[in-house]
Amino acid sequence: MSKSEILARIRNSLVDVTQDDPVLDVPVDWSYGQATAVAEPVQLFIDRVIDYKATVVRAADWAEVPGLVAEVLAQAGATSLVAPAGIEPAWLAQAEAAGIELERDDPPLSHQRLNDISAVITAAAVGMAETGTIALDHRADQGRRELSLVPDMHVCVIGTDQIVTDVPQAMARLAPSLRQHQPVTWISGPSATSDIELSRVEGVHGPRTLHVIVVG
């Protein structure tokens with residue numbers, strides 16, 4: 001195909017374009033942040049999170065969360081737990097009663113102390129079904145970024161009403177936090193990386209294990 005023919009095709013394809021200023025956007029009849037056509041976003045989210053080698057347990061309602069937190073920690077052999085200042089106190093009651101050493105990150109614990117603690121528990125801001133990703137916007141029930149990155153085990157509690165279909169819909173949910181300059185941490189399974197020989201190494205950049213409690 002000749003250069004003149006290519007340019008002619010480009011000109012023909014642009015005959016209906018009335019905006020000749022390349023800086024201006026062309027209006028598009030589309031609303032950002034809409035849900036995509038996912039039949040069962042909660043189940044898809046669970047499946048994708050499991051694909052990332054995380055553990056998922058389901059709670060019928062919020063009343064089951066304290067027992068599941070204690071059960072998850074016991075099964076993992078955790079002996080200590082750190083929680084952000086704004087976490088729901090009831091979530092921790094059964095774990096503490098079972099002998100798990102509980103610490104609050106208030107005032108903030110040192111990095112060395114966080115490294116010595118078995119697990120951290122947080123709430124979540126939003127979950128994305130298509131990617132199996134959880135986003136934390138580090139509100140009071142999620143704590144500062146170090147809290148969810150240093151301990152070796154992360155227990156994350158998320159409600160089904162916090163699970164959306166995809167990343168654009170999640171960004172619409174996160175927009176108020178971003179406008180307030182809140183940091184956002186994106187979690188897609190436990191921390192993992194690989195070297196040039198593709199040997200998988202876990203726990204390098206964050207928790208080695210991720211346990212997600214889905215409520216609802």
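The values are calculated or read from the model by the stated rules, or taken from the named source; none is laboratory data. Computed from a predicted structure; not experimentally measured. Here Cβ is always computed from backbone atoms with ideal geometry, including for glycine, and neighbour counts include all displayed protein chains.
Listed values, structure above:
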item: Single residue of segment 94-149 satisfying the filter (of a type in the set (Val, Ile, Thr) and surrounded by fewer than 20 Cβ atoms within 10 Å (Cβ to Cβ)) that is nearest to Leu81 (Cα to Cα); result: Ile100
item: Candidate set from segment 166-192 (those that are among the hydroxyl-bearing types (Ser, Thr, Tyr) and under 18 Å from Val49 (Cβ atoms)); member that is modelled with the lowest pLDDT; result: Ser191
item: Matching entry among Ala98, Ala93, Ala59 (being under 23 Å from the mean Cα position of the chain (by Cα) and in contact (Cβ under 8 Å) with a residue 24 or more places away in the chain); result: Ala59
item: Tyr32 vs. criteria touching a residue at least 24 places away in the same chain (Cβ under 8 Å), exposed (fewer than 13 other Cβ atoms within 10 Å of the Cβ) and aromatic (Phe, Trp, Tyr); result: yes
item: Exclusive hit being aliphatic (A, V, I, L, M), touching a Ser or Thr at 6+ places or on another chain (Cβ under 6 Å) and under 25 Å from Pro190 (Cα atoms), set Val49, Val38; result: Val38
item: Failed item in (1) closer than 13 Å to Ile213 by Cβ; (2) touching a Gly at 6+ places or on another chain (Cβ under 6 Å), with Lys53 passing the rest; result: (1)
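Table: residues versus (1) assigned to a loop (DSSP other than H, G, I, E, B); (2) more than 34 Å from the chain's Cα centre (by Cα).
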| site | (1), (2) |
| --- | --- |
| Ser4 | no, yes |
| Ile10 | no, yes |
| Leu24 | yes, yes |
| Tyr32 | yes, no |
| Thr36 | yes, no |
| Val49 | no, no |
